[in-house]
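Visitor: One structure, pasted below without further comment.
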Amino acid sequence: MKKYEVMYIIRANLDQEAIKAEVANVSNIFTTNDSKVLECKEWGLRELAYEIEHARKGYYVWMLVDATPKAISEFNRIAGYNENIIRHIVVVDGE
């Protein structure tokens, strides 16, 4: 397994319970695919650099995961069609 940095932005118009549910769902993607969430930092509501799908703000979440390729693939698949996640990126951790 490799370490990855995962960052995603959740729609700002969701309530706190829905945001917490989305964060838990993403963590669950990794834990159910034989991977570990090493760190999860919720950066909170921030101004977007540019408008995305008519949104000017988003809820940022950063994670450090020790993941299998299957877990990364599954995250990318789900984040791609989840309407509550407006952007996501996965980068191999360079440590």
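The values are calculated or read from the model by the stated rules, or taken from the named source; none is laboratory data. Just so you know, these numbers come straight off a predicted model, no measurement behind them. Here the Cβ is made from the backbone with ideal geometry for all residues, glycine too, and neighbour counts use every protein chain on show. Surface accessibility is based on the protein's heavy atoms, side chains included, excluding ligands, DNA and RNA. Shrake-Rupley method; radii C 1.70, N 1.55, O 1.52, S 1.80 Å.
Visitor: Applying the Karplus parametrisation 6.51 cos²θ - 1.76 cosθ + 1.60 with θ = phi - 60° to the phi angles of segment 12-29, what ³J(HN,Hα) value in whole Hz is obtained for each residue in order, glycine and proline being reported as x?
Guide: 6, 7, 7, 7, 4, 5, 5, 5, 4, 5, 5, 4, 5, 5, 5, 4, 5, 4
Visitor: Okay, next question. For the chain, compute Rh as the Kirkwood radius over C-alpha pairs and then the Stokes-Einstein diffusion coefficient at 10 °C and 1.306 mPa s; write the answer in µm²/s, rounded to an integer.
Guide: The calculation lands on 118 µm²/s.
Visitor: Here is a follow-up. How many nm is it between the label spots at Arg87 and Lys20, if each spot is 7 Å from the Cα in line with the beta carbon?
Guide: For the pair Arg87/Lys20, the computed spacing is 2.7 nm.
Visitor: Could I ask something else about it? Give me a comma-separated list of calculated 3J(HN,Hα) values for segment 80-94, in order, Karplus coefficients 6.51, -1.76, 1.60 applied at θ = phi - 60°, integers in Hz, x for any Gly or Pro.
Guide: x, 10, 6, 5, 7, 9, 8, 8, 7, 8, 10, 10, 5, 5, x
Visitor: Express the carbon and sulfur contribution to the solvent-accessible surface of the chain as a percent, rounded to the nearest whole number, probe 1.4 angstrom.
Guide: The value for the chain is 49 percent carbon and sulfur by accessible area.
Visitor: With a probe of 1.4 Å, find how much accessible area the chain has per residue, and write the answer as a whole number in Å².
Guide: On a per-residue basis, 61 Å².
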